[in-house]
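Novice: One structure, pasted below without further comment.
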Amino acid sequence: MGQKVNPHGLRVGVIKKWDSRWLVSDMDFGDTIVNDYHIRDFLKKKLYNAGVPKIEIERSNSAVTVIIYCAKPGMVIGQKGAEKMKLEAEVKKIVRDDMIHAVTQRAIKNHKEDIDLQAALKAIVVPDVRINIFEVKTPDLNAQLVAESIADQLVRRIGFRRAMKNAIGRAMRLGAKGIKVACSGRLGGAEIARSEHYHEGTIPLQTLRADIEYGFAEANTTYGKIGVKVWIYGGEVLNESRSGGRRDNRDNRDRRDRRGSRDNRDNRRDNRDNRRDNRDRERKPYNKEERRDVNA
């Protein structure tokens, strides 16, 4: 079932970083995760046309840093950074609302204790919000952007085979080692839903050092939803010279071990042959006359 796991989640901690990086207490852990979800959901819907494949969030005691990767950074920044400042204000409002909600729910849950809710709300310190924007220079090699592009084409009634094959061709021309695209749903308006996929090159899903990007998008067509999945293999990440050196040493060691076991096996075979020869020498020759006497 290795093909069913999300390739990004499988490689987190090996060759990929966490999208959220912060340290909080156990009591605030769940509320912080919910706040991250609200920030990502808001920015993804707000900046959908800008092509945002990934959003990273870093937190400290005094600030929340949101790192946005997008294909069209001009749409996010705006003239003289006006749009960026608006986004920072809106994200700060989301952070503040979630903090107020968390404090209120905690007071309701612990209603038997004497908690001054008014004082707790006044004690809330909303951290500053900073947004950093990075451009995705090759959108055709980003799995999430490729999936969203195919979904947009399906909404515009472009044939699914044509959209899939065009995406595969562009990715391979730009240097991808392999790509796989799958579409599921009422393809072409068919009454019975089905799945079709095309691939080119290699997609080593089980190799943890393989840099595989995964993207998913949904196309809301007049016939219903069509799911689009994309896997793009960009090559191995770990240092080949280091890993190759270790592999050579291990191969040499295994070869020596095999050589020793082979010698032991040959020695055992020789000893077995010698014992067989000794038994043959000790055995008396076959005598027909003695056998006749016994039978008589």
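The values are calculated or read from the model by the stated rules, or taken from the named source; none is laboratory data. Model, not experiment: these values are computed from the prediction. Neighbour counts run over all protein chains shown; Cβ positions are idealised from the backbone, glycine included.
Novice: Touching a residue at least 40 places away in the same chain (Cβ under 8 Å) and in contact with a Cys (Cβ under 9 Å, 6 or more places away or on another chain): is that true of LYS225 in this structure?
Specialist: So LYS225 fails the test.
Novice: Quick check: anything in the stretch 9-22 touching a residue at least 24 places away in the same chain (Cβ under 8 Å), farther than 23 Å from GLU213 by Cα, assigned by TED's automatic domain parsing to the domain that holds LYS72 and not basic (Lys, Arg)?
Specialist: yes
Novice: Of the residues that make up the stretch 70-78, is at least one among the β-branched types (Val, Ile, Thr), in contact (Cβ under 8 Å) with a residue 12 or more places away in the chain and either surrounded by fewer than 18 Cβ atoms within 10 Å (Cβ to Cβ) or assigned to a loop (DSSP other than H, G, I, E, B) (or both)?
Specialist: no
Novice: Which number in (1) in contact (Cβ under 8 Å) with a residue 24 or more places away in the chain; (2) within 24 Å of the chain's Cα centre (by Cα) marks the one condition that LEU154 misses?
Specialist: All conditions are met except number (2).
Novice: Just a yes or no: is a residue in the stretch 161-175 at pLDDT 95 or above and either in contact with a Gly (Cβ under 6 Å, 6 or more places away or on another chain) or among the aromatic types (Phe, Trp, Tyr) (or both)?
Specialist: no
Novice: (1) over 30 Å from ILE203 (Cα atoms); (2) among the charged types (D, E, K, R); (3) surrounded by 16 or more Cβ atoms within 10 Å (Cβ to Cβ): which one isn't true of ASP28, the others all being true?
Specialist: (3)
Novice: Moving on. Identify, from the list ALA107, ALA147, ALA89, ALA102, the residue that is assigned to a helix (DSSP H, G or I), among the small types (Gly, Ala, Ser) and farther than 26 Å from ASP19 by Cα.
Specialist: Going through ALA107, ALA147, ALA89, ALA102 in turn, the sole match is ALA107.
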